[in-house]
1. Test of understanding: among 227, 265, 287, which residue is touching a strand residue (DSSP E or B) at 6+ places or on another chain (Cβ under 6 Å), assigned to a helix (DSSP H, G or I), surrounded by 15 or more Cβ atoms within 10 Å (Cβ to Cβ) and in contact (Cβ under 8 Å) with a residue 60 or more places away in the chain?
2. Of the residues that make up the stretch 97-120, is at least one at pLDDT 95 or above, within 13 Å of the ligand (Cβ to nearest atom) and assigned to a loop (DSSP other than H, G, I, E, B)?
3. Which residues, taken from the stretch 180-196, are more than 20 Å from residue 264 (Cα to Cα) and either surrounded by fewer than 21 Cβ atoms within 10 Å (Cβ to Cβ) or near the ligand (Cβ under 7 Å from one of its atoms) (or both)?
4. Just need a number here: residues in the stretch 72-90 that are over 14 Å from residue 7 (Cα atoms) and either more than 16 Å from the ligand (Cβ to nearest atom) or in a loop (DSSP other than H, G, I, E, B) (or both).
5. Restricting to the stretch 71-92, and then to whatever is out of contact with any helix residue (DSSP H, G or I) (no Cβ under 6 Å at 6 or more places or on another chain), in contact (Cβ under 8 Å) with a residue 40 or more places away in the chain and surrounded by fewer than 24 Cβ atoms within 10 Å (Cβ to Cβ), can you tell me which residue is farthest from residue 188 (Cα to Cα)?
6. For residue 176, are the conditions met, namely being under 21 Å from residue 301 (Cα atoms), crowded, with 22+ Cβ neighbours inside 10 Å and either near the ligand (Cβ under 8 Å from one of its atoms) or at pLDDT 95 or above (or both)?
7. Of everything in the stretch 197-224, what is more than 7 Å from the ligand (Cβ to nearest atom) and either outside any helix (DSSP H, G or I) or free of Cβ contacts under 8 Å to residues at least 12 places away in the same chain (or both)? Give them in sequence order.
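The values are calculated or read from the model by the stated rules, or taken from the named source; none is laboratory data. This one's a predicted model, so the numbers in the text were calculated from it and none came from an experiment. Don't worry about glycine lacking a Cβ; one is built from the backbone with ideal geometry, like all the others, and counts go over all protein chains shown.
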Ligand code: UD1
């Protein structure tokens, strides 16, 4: 049984990973301030230790690292929204950058034992430069505090491998969706907002013409690929796109949700959001070459998500 630390482990992606590990009888410590996550997202298990705390409390986190000497660390805690980061860049920087840097430094200075550390970076690092699909060697253009912090932290995480031999890996996740995504903020993931609007007969605010392109990735695929990478020696020191490799416009996604839910979405069309990216989808060959792939196609994933919402509302 290995010991895992998951920052943001009560959130949407973090709890999916945590529950998967708990199902496999691993020992999981979750640190989460519940700003977006929920305690109920986590399965009941004697192998779970839940700490309601912010990762910006460096002293607290460092003490925990010293005490527990985790085998695996997953840096998932983050301000997850691009738009949120535009509204509050300082808070985003403290959480998405400084808190993670502190962990890297503490591991380095104290030479703590570690099997692997994984950081979830973002496809947002690619920005709006021409040329899709994006591969890991494509030029980057981080356009927001969110993207700047994701890129900087990703580089730090990988440099701590190359310079100090810390076993690290990073993934650039493309739009993740699925059960437990929190639609509470107007800046939440668009699929969680659309499904909430459909459930509650609310009007969906659509920014732009709906022709923005994304690679929507089902959260269980993300969790499985992440755990695969943690155990893959060839992944250490590398960054990987993490998506499905398939693209869809927002309009196409709305068509699928309407078909699956048998409901019609009411839309209010508003101007494009500033800092928004028009085309975002990636080349997944680097990940796929390690035998790791996303298995859930968009329609199947949306159906699973909708069924989950119907069962849990
Ligand atoms: C998303 C993720 C981000 C991730 C990135 C990687 C969220 C909140 N953001 O950013 O964490 O790193 O993918 O690819 O999950 N939209 C509307 N109406 C709404 C909300 C959104 O029209 O009410 C539009 C947005 O303007 C955007 C698209 O839908 O064009 C997707 O938005 P969003 O879900 O916020 O994701 P990204 O900005 O792509």
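1. Numbers: 227 fails: touching a strand residue (DSSP E or B) at 6+ places or on another chain (Cβ under 6 Å); 265 fails: assigned to a helix (DSSP H, G or I).
Answer to the selection: 287.
2. As a first pass, look at the stretch 97-120 and keep what is at pLDDT 95 or above: 97-120.
Narrowing the set further to residues that are within 13 Å of the ligand (Cβ to nearest atom) leaves 119-120.
Narrowing the set further to residues that are assigned to a loop (DSSP other than H, G, I, E, B) leaves none.
No, the conditions are met nowhere in the stretch 97-120.
3. Within the stretch 180-196, the subset more than 20 Å from residue 264 (Cα to Cα) is 180-182, 184-188.
Listed by number, the residues that qualify are 182, 184, 185, 186, 187, 188.
4. As a first pass, look at the stretch 72-90 and keep what is over 14 Å from residue 7 (Cα atoms): 81-90.
Add one more test, that the residue is either more than 16 Å from the ligand (Cβ to nearest atom) or in a loop (DSSP other than H, G, I, E, B) (or both), and what stays is 81, 88, 90.
Total satisfying the criteria: 3.
5. 71
6. On the way: under 21 Å from residue 301 (Cα atoms): yes; crowded, with 22+ Cβ neighbours inside 10 Å: yes; either near the ligand (Cβ under 8 Å from one of its atoms) or at pLDDT 95 or above (or both): yes.
Spelling it out, residue 176 is indeed under 21 Å from residue 301 (Cα atoms), crowded, with 22+ Cβ neighbours inside 10 Å and either near the ligand (Cβ under 8 Å from one of its atoms) or at pLDDT 95 or above (or both).
7. From the stretch 197-224, those more than 7 Å from the ligand (Cβ to nearest atom) are 197-203, 209-211, 213, 215-224; that's our starting set.
The answer is 200, 201, 202, 203, 209, 210, 211, 213, 215, 216, 217, 218.
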